[in-house]
Amino acid sequence: MKLRVRINKQTSRVKLEGEEPTLTELNVQIREILLPSHGLSPDSEFTLSLNGSDLLSDSGQTLSSCGIVTGDLVCVILRPTVAVPSAASTPSARQAVPSGYPASSAAFASSARQAPSNSSSSSSSTGLYQAVHPPAQRSSEASMGVEPQQEVVREEEEAGRWVWEPMLCGEAEGGKVPHSLEVLYHQAQSSSTCDALMVAVHLLMVETGFLCQGSEGRPGEMPAGWRAPGGLYRLQYAHPLCDDSLAMVLAVPMGPILVINATLKVKQQVETVRKLSLKPSTYVTDQWTGDSAAAVYTELRKLSRVFKDQLVYPLIASAREAMALPAVFGLPVLPPELLLRVLRLLDVSSLLALSSVNRHLHQTTTDPALWRHLYRRDFRDCQDLSRDRGTQWKEGLVCLS
């Protein structure tokens, strides 16, 4: 299991071996490896939390029982007296070095004394890490699954608590992705670009209110059996707005294209089928084997718009229409005033095509005020031209006389 551990606003990556690592194993790695790398004593008192406020008590339970999955961020909460190492604490620096590091204690103390008081936490912690850990020891730590490189993760801080900003795929920009997509991507363990794209497709279905069927998995997990042998993907959903209906999503890779077929069944009868072809290379980068979902996905806003407009929303509309239920989105739910303002933006041919969709739109398109506006906008020039032609012969007679 790969996790991110944050100490003093700096994030390190930790890899725990085994199928069900425990909270005790995570505490041991933090105490023996991460704390010294941040210039802190392994004897420092700390607690763990997922949100910065609710503490995790270590009773030997597994990480999964605490709600921790691969890719989660675990915050290390230190006592205020040891949270930020500085030059003022140099006299006690020699005492803070454990007995297991005799050769490097002097280097640790001298590095702490030479560090400027106004230096950034990232540069000082890097210098302390290099002083405490010789190259041979750093290489051994890398083999244990801890990456010495530390990335600074900037997030909003409010009242001392980490604030997770809700985000949808349609709002992703600037190299950021929703946290739910990050969790799903790490849990799915994608083996191809199509796998990574189907993870995003599943999240888009969930964002629009669909509930996955035939699976007892948690929200942060892909449903069981979503990836069938032979490259076939199968997902089943139900929607609260469409009672007694079942939506089945089948996806098949066909060369560079992923063909997605969504079938809607109402009372065990097939009502409609929607088809959408997506190119995985447009939405998944070449770094799909990376540890960060932000480096894997691109054009998430475009994917959200295309997938929802061309497949999800028409599917919901077809289901409610088949069950004689009123529409919940789209043109039919707009007030008459707003709908007429929208229709005034169309040309005549588009308006005639829209009038044949259903009875409600047909009645709206026959509004006299709408056609009066279209006449004045599109046919005024023709009217003026015919008027000019009709008066030209009269002007000619006047000139002759």
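Details
- Just so you know, in region 185-224 the residues that are farther than 22 Å from Pro280 by Cα and touching a strand residue (DSSP E or B) at 6+ places or on another chain (Cβ under 7 Å) include one that is modelled with the lowest pLDDT, and it is Gly214.
- Filtered residues of region 256-310 (kept if among the polar types (S, T, N, Q), in contact with a strand residue (DSSP E or B) (Cβ under 8 Å, 6 or more places away or on another chain) and closer than 19 Å to Thr208 by Cα): Asn261, Thr263, Thr272, Gln310
- Hey, Leu250 in a strand (DSSP E or B), of a type in the set (A, V, I, L, M, F, W, C) and farther than 22 Å from Ala172 by Cβ or not: yes
- Test: residue in region 211-233 that is surrounded by 15 or more Cβ atoms within 10 Å (Cβ to Cβ), outside any loop (DSSP other than H, G, I, E, B) and of a type in the set (A, V, I, L, M): no
- Number of the exception - Lys308 against (1) closer than 27 Å to Gln187 by Cα; (2) open to solvent by 50 Å² or more (accessible area, probe 1.4 Å); (3) not aliphatic (A, V, I, L, M): (2)
- Residue within region 304-323 that is in a loop (DSSP other than H, G, I, E, B) and either among the hydroxyl-bearing types (Ser, Thr, Tyr) or closer than 20 Å to Leu246 by Cβ (or both) present: yes
- Consider region 268-284 and keep the residues that are touching a helix residue (DSSP H, G or I) at 6+ places or on another chain (Cβ under 6 Å) and open to solvent by less than 50 Å² (accessible area, probe 1.4 Å). The one that is modelled with the lowest pLDDT is Thr272.
- Criterion violated by Val328 - all others in (1) open to solvent by less than 80 Å² (accessible area, probe 1.4 Å); (2) in a helix (DSSP H, G or I) satisfied: (2)
- Considering region 1-60, the qualifying strands (runs of 3 or more DSSP E), each wholly inside and each with 2 or more residues that are over 20 Å from Val183 (Cα atoms), run over 46-49.
- Of the residues Thr208, Thr193, the single one that is of a type in the set (Val, Ile, Thr) and over 25 Å from Pro326 (Cβ atoms) is Thr193.
- Residues satisfying the stated conditions in region 285-305, i.e. open to solvent by 20 Å² or more (accessible area, probe 1.4 Å) and among the aliphatic types (A, V, I, L, M): Ala294, Ala295
The values are calculated or read from the model by the stated rules, or taken from the named source; none is laboratory data. Because the structure is a prediction, the values reported are computed rather than measured. All Cβ positions, even for glycine, are placed from backbone atoms using ideal geometry, and neighbour counts span all protein chains on display. Please note that ligands, DNA and RNA were not included when accessible areas were found on the heavy atoms of the full protein model with its side chains. Shrake-Rupley method; radii C 1.70, N 1.55, O 1.52, S 1.80 Å.
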